[in-house]
């Protein structure tokens, strides 16, 4: 991890347009793959991820708290990176997973991405011709970039232009969308 709290605070102040106060959170800051730093800006909050991306909330307007923002960030990042971590106990009658629409394995469920695929299937994403692709955020401010996993110039050295332009990829011959996720990272969903 090369991101410092001071750098993250500057980014949080930039995206929230207010002065921010660090909100220490052991689980968030201790997860070097999916974590980051949280900041309170009064009526708004932000999480700045170690690996890029950020999430903000107008907490006063949305009724959300900085804690729910952090929990949502960790859950989505862990899903996107395929990292197993203890999750909060589900509420009665809650359904925290859904079957992956490609392979059927349980995968994290969010209302925002109801057709999201599991991490294993995401790793098999390919262009129309079958060349495997990998998507990333372009930087701290987000943005989507998609590379071919292998190319003559070396791994992930060639941009998958058609996939990037159309937002379409295929997994086991099934057409899917690929795009930037709200909390940072990349989400792949089966077209229904």
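General observations
- Qualifying residue in the stretch 41-52 (condition: at pLDDT 85 or above, closer than 24 Å to residue 112 by Cα and surrounded by fewer than 22 Cβ atoms within 10 Å (Cβ to Cβ)): yes
- Segments classed as helices (runs of 4 or more DSSP H), wholly inside the stretch 53-170, with at least 2 members that are modelled with pLDDT of 90 or more and surrounded by fewer than 16 Cβ atoms within 10 Å (Cβ to Cβ): 161-166
- Scanning the stretch 36-52 for residues that are in a loop (DSSP other than H, G, I, E, B) and touching a helix residue (DSSP H, G or I) at 6+ places or on another chain (Cβ under 7 Å), we see that the one that is nearest to residue 8 (Cα to Cα) is 41.
The values are calculated or read from the model by the stated rules, or taken from the named source; none is laboratory data. Keep in mind that what you see is a predicted model, and the values were worked out from it rather than measured. For neighbour counting, all protein chains shown are included, and Cβ atoms are generated from backbone atoms with ideal geometry for every residue, glycine included.
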